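Participant: The structure follows.
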Amino acid sequence: MKGRTLPWGMAPMLLWMASPTSANNLGSGQSDFGGVGLMQTPTARMAEFGHFAASWNRTEPYRRFSIFAQPTDWLEVGFRYVSVENRDYNTFTQNRSYLDKGIDAKFRLMQESRYWPELALGFRDAGGTTLYGSEYLVASKRWHDLDFSLGIGWGYLGNAADIDSPLGWVNQRFDNRPGQGEGVDTGEFALNQLFRGPASPFGGIEYQTPWDPLVLQLEYEGNDYANEPQDNDQPQDSRFNLGARYRLTDNFELHAGWQRGNTAMAGLTFSTNLAGLSQVKRDPPPAPINAPPEKDWPAVAAKLQDNAGIRVDEIRQDGEELIVTGEPVTFRNLAKSEGRAGRILHANADEAVDTFHYRWQNRGLGLREDVHDRSTLVTATTSQDAETAHRYGIYSRALLDEPSGEVLYHDDPQRFSWSTGPAIEQNFGGPDGYLYRLSAFASAEYTTDSNGWLSGSLTATLADNLDKYEYIADSDLPRVRTHIGDYLAEADVGISNLQYTRTAELGDDLYAMGYGGLLETMYAGAGGELLYRPFNSDLALGLDMNWVQQREFDQQFGLRDYNTWTGHATAYWETGFEDMLAQLSVGRYLAGDYGATLDVSREFDNGARIGAWTTFTDAGDAYGEGSFDKAFYVSIPLDAFFVRSSRSRSTIAWQPLTRDGGARLQRQYQLYGITNDRNLGRYWEDYEDSWD
């Protein structure tokens, strides 16, 4: 399974099995709405850097499910579903609860000190229907086993309207808060609501009991439940809420409480720390620097793959240079591959060789060349004091010329590989609730030459609940994605992908890729991509263009009538700020709508990545419910869970609603990912691991 990205459906299972300790101590629990807080109210506290939490709770008539993460020390982001049990999804559905989706963000303004509290500014339900939209400013201060919070909230958090608008003295427009139908459309960012209207104070106390797993809570709400969305007002006997958090394990926590003076609450939270995911490795030890030479160069190439994680394409000697051209297949850290390879090459190279050159490529595309001095490498393997000299003697550069010299080894590029495993497909956020299909896949790949390969996947259903699926939506767009339930329900065994792909280098910094076949579960067609990516640059520019036709529901070779072209121009920017990558794609989507997608993600030192994207198009009222598309995702390196190193990853995404607007083609391969090692990334920071 080397080099393969496993189905994202495996990610939750892996997180459960191998997640690191994530203790939920005083002031760090998830609120009913998600995000660090008490029950109904937030606090100024932030979770650990890299923290991830998924929570479920019920307080009649509301069920809430939330996903929250801490991508930086000062920012908490997440999204949430609220199921309103006593309201129908819409006028066309019965016995299906209304579902609301919301996006939240909280920013730390000031850290707690001896005399000053922690201070945070937050936005709740800022990018959804804004039914529960709120803004707040809150402070928290700890004293021994007590954590105090006090804040002021607008919108839903301030519905009791205890005080007039605190900002009314700045401008009278802050005195009143517009509701939906007053310049606020469903699914849009309600900028004209922010910090407007009356407000209310809120706050509370958490107490860490002598029994470590148990934390008790007392909370005062700023909401009186007399102005609930959808005319769903609830009786409230008290604005004080009582609650408790009980930590079952390092990763699971139970919540219980008594709210509004008359209603019980219960919930469960799973949490982990993505930045801390790791596993002690039991890779084969590096070869001894004085190991006996191999019998021939094919044996050297085999050892370079088994021990150094380099699938060798060619080995040449050009005077004093030994040049290895190959693809990384095991270690995410290329410095580790090179450190291990240097030991092997030293044992087999002529005495005349004084430098080792590693020409890295992927899918036939040249990425970069790293050069090591042989003598300093040998010395560094036996003395830590010499590591500095070796490190500063390494240099990296773009691949400019074809290598010359005597060919010692050349690999046959034709090869066949396959893999099997579990997968899960899901659809949620619609009137049918959560739909899933648990399946098993078998994938295979045949490499025809260095730049071409045929790949395919066959998927068989093991279990599903797709008999609940029924499409009911208000949209005038072509149904380019909302047939997803039909695809998942129709085929017990289907071809999820079957395509031929070729790559090419059109210039020093210009890469190209073309592909055709059954491109994904729902579409067949052909397309191409160009990527301009200078060596070790923070910026890259891409362009893809595709002609596609919708596939039959049985996922065989038949096609439906709908066809279209779709494509995007994409700018990639490694911001240099908090290891964040920003991607902006502008173009035409599957339904013929035009718009843009912004994707922002953050990668931690261990390779785990969290991100979110949002799409806005010109579909307007034709879009239907949601108005714009958004999702939150987590991408995890598999070697965080296993004792053997791997470059494979598993990705899981949460998309609040599947609709036809802003729908993108799910391409199997993208040049930016293929050329990821074009950038040095953490090469120098990870140098110390190169001797493991």
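The values are calculated or read from the model by the stated rules, or taken from the named source; none is laboratory data. Keep in mind it's a predicted model, so treat the numbers as computed, not measured. All Cβ positions, glycine included, derive from the backbone under ideal geometry; neighbour counts span all protein chains shown.
Participant: Mind listing just one residue for me: the one in region 108-138 that is in a loop (DSSP other than H, G, I, E, B) and over 28 Å from the mean Cα position of the chain (by Cα) and, of those, farthest from F174 (Cα to Cα)?
Facilitator: R114
Participant: Next question. Out of the residues in region 632-672 meeting the condition of being out of contact with any Phe, Trp or Tyr (no Cβ under 9 Å at 6 or more places or on another chain) and among the polar types (S, T, N, Q), tell me which one is modelled with the lowest pLDDT.
Facilitator: S648
Participant: Identify the residue in region 480-507 that is part of a loop (DSSP other than H, G, I, E, B) and surrounded by fewer than 17 Cβ atoms within 10 Å (Cβ to Cβ) and, among all such residues, is modelled with the lowest pLDDT.
Facilitator: D492
Participant: Name every residue in region 643-692 that is surrounded by 15 or more Cβ atoms within 10 Å (Cβ to Cβ) and β-branched (V, I, T), in order of residue number.
Facilitator: Scanning region 643-692 gives T651, I652, T658, I674, T675.
Participant: Still on this structure, I have one more. Checking S537 against (1) modelled with pLDDT under 95; (2) assigned to a loop (DSSP other than H, G, I, E, B), only one condition comes out false. Which one?
Facilitator: (1)
Participant: Additional query: Considering only residues of region 340-359 that are part of a helix (DSSP H, G or I) and of a type in the set (A, V, I, L, M), which is surrounded by the most Cβ atoms within 10 Å (Cβ to Cβ)?
Facilitator: Across region 340-359, the extreme among qualifying residues is A341.
Participant: Right, something else. Looking at D544, is it out of contact with any Phe, Trp or Tyr (no Cβ under 8 Å at 6 or more places or on another chain) and not in a loop (DSSP other than H, G, I, E, B)?
Facilitator: Taking the combined requirement at face value, the residue satisfies it.
Participant: Looking at region 595-612, is at least one residue hydrophobic (A, V, I, L, M, F, W, C), out of contact with any helix residue (DSSP H, G or I) (no Cβ under 9 Å at 6 or more places or on another chain), in the same structural domain as L454 (by TED's automatic domain parsing) and part of a loop (DSSP other than H, G, I, E, B)?
Facilitator: No, there is no match, as no residue in region 595-612 is hydrophobic (A, V, I, L, M, F, W, C), out of contact with any helix residue (DSSP H, G or I) (no Cβ under 9 Å at 6 or more places or on another chain), in the same structural domain as L454 (by TED's automatic domain parsing) and part of a loop (DSSP other than H, G, I, E, B).
Each row is one residue, and each column tells you yes or no for (1) crowded, with 16+ Cβ neighbours inside 10 Å; (2) modelled with pLDDT of 90 or more; (3) in contact with a His (Cβ under 9 Å, 6 or more places away or on another chain); (4) not aromatic (F, W, Y).
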residue: Q361; (1), (2), (3), (4): yes, yes, no, yes
residue: G366; (1), (2), (3), (4): yes, yes, no, yes
residue: E369; (1), (2), (3), (4): yes, yes, yes, yes
residue: T376; (1), (2), (3), (4): yes, yes, yes, yes
residue: Q384; (1), (2), (3), (4): no, no, no, yes
residue: H390; (1), (2), (3), (4): yes, no, yes, yes
residue: I394; (1), (2), (3), (4): yes, yes, yes, yes
residue: A398; (1), (2), (3), (4): no, yes, no, yes
residue: E406; (1), (2), (3), (4): no, yes, no, yes
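Participant: Residues in region 323-332 that are crowded, with 22+ Cβ neighbours inside 10 Å, touching a residue at least 40 places away in the same chain (Cβ under 8 Å) and touching a helix residue (DSSP H, G or I) at 6+ places or on another chain (Cβ under 9 Å): how many?
Facilitator: 4
Participant: Another question about this same structure. Of these, S337, S396, S375, which one is under 30 Å from R649 (Cα atoms), hydroxyl-bearing (S, T, Y) and part of a helix (DSSP H, G or I)?
Facilitator: Every option except S337 fails the conditions.
Participant: Can you pull out the residues in region 508-519 that are modelled with pLDDT of 95 or more and more than 15 Å from I674 (Cβ to Cβ)?
Facilitator: Listed by number, the residues that qualify are G516, G517, L518, L519.
Participant: Hey, F577 hits all of (1) in a strand (DSSP E or B); (2) within 22 Å of the chain's Cα centre (by Cα) but one; which does it fall short on?
Facilitator: Among (1) in a strand (DSSP E or B); (2) within 22 Å of the chain's Cα centre (by Cα), the lone unmet condition for F577 is (1).
Participant: Six or more apart or on different chains, Cβ atoms under 6 Å: show the pairs whose first residue is in region 359-387 and hydroxyl-bearing (S, T, Y) and whose second is outside any loop (DSSP other than H, G, I, E, B).
Facilitator: Between residues of region 359-387 that are hydroxyl-bearing (S, T, Y) and residues that are outside any loop (DSSP other than H, G, I, E, B), the close pairs are T376/A389; T376/H390; T376/G393; T379/A386.
Participant: What number of residues within region 552-571 satisfy the criterion of being modelled with pLDDT of 95 or more and either within 28 Å of the chain's Cα centre (by Cα) or more than 29 Å from D492 (Cα to Cα) (or both)?
Facilitator: Summing the residues that are modelled with pLDDT of 95 or more and either within 28 Å of the chain's Cα centre (by Cα) or more than 29 Å from D492 (Cα to Cα) (or both) in region 552-571 gives 7.
Participant: Answer yes or no: is there a residue in region 590-602 that is in contact with a strand residue (DSSP E or B) (Cβ under 9 Å, 6 or more places away or on another chain), within 20 Å of T72 (Cα to Cα) and surrounded by 20 or more Cβ atoms within 10 Å (Cβ to Cβ).
Facilitator: yes
Participant: Test G587 against the criterion of being closer than 19 Å to P478 by Cβ and either touching a residue at least 12 places away in the same chain (Cβ under 8 Å) or not basic (K, R) (or both), and give yes or no.
Facilitator: For G587, the condition - closer than 19 Å to P478 by Cβ and either touching a residue at least 12 places away in the same chain (Cβ under 8 Å) or not basic (K, R) (or both) - is met.
Participant: Identify all residues within region 248-281 that are modelled with pLDDT of 90 or more, in a loop (DSSP other than H, G, I, E, B) and not aliphatic (A, V, I, L, M); write none if there are none.
Facilitator: The answer is T249, D250, N251, R260, G261, N262.
Participant: Go through region 613-623 and report how many residues are crowded, with 19+ Cβ neighbours inside 10 Å and either outside any strand (DSSP E or B) or at pLDDT 95 or above (or both).
Facilitator: Within region 613-623, residues that are crowded, with 19+ Cβ neighbours inside 10 Å and either outside any strand (DSSP E or B) or at pLDDT 95 or above (or both) number 2.
Table: residues versus (1) in the same structural domain as L671 (by TED's automatic domain parsing); (2) within 22 Å of Q670 (Cα to Cα); (3) hydroxyl-bearing (S, T, Y); (4) in contact with a Lys or Arg (Cβ under 7 Å, 6 or more places away or on another chain).
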position: L334; (1), (2), (3), (4): no, yes, no, no
position: G339; (1), (2), (3), (4): no, no, no, no
position: G364; (1), (2), (3), (4): no, yes, no, no
position: T376; (1), (2), (3), (4): no, no, yes, no
position: D385; (1), (2), (3), (4): no, no, no, no
position: H390; (1), (2), (3), (4): no, no, no, no
position: L400; (1), (2), (3), (4): no, no, no, no
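Participant: Additional query: Inside region 199-245, can you point out the residues that are part of a loop (DSSP other than H, G, I, E, B) and crowded, with 21+ Cβ neighbours inside 10 Å?
Facilitator: Within region 199-245, E221, G222, N223 qualify.
Participant: Counting only residues that are in contact with a Ser or Thr (Cβ under 8 Å, 6 or more places away or on another chain) and among the polar types (S, T, N, Q), which one in region 448-464 is farthest from I674 (Cα to Cα)?
Facilitator: Looking at residues that are in contact with a Ser or Thr (Cβ under 8 Å, 6 or more places away or on another chain) and among the polar types (S, T, N, Q), I get T461.
Participant: Could we say that L99 is assigned to a strand (DSSP E or B) and within 25 Å of the chain's Cα centre (by Cα) here?
Facilitator: So L99 fits the description; yes.
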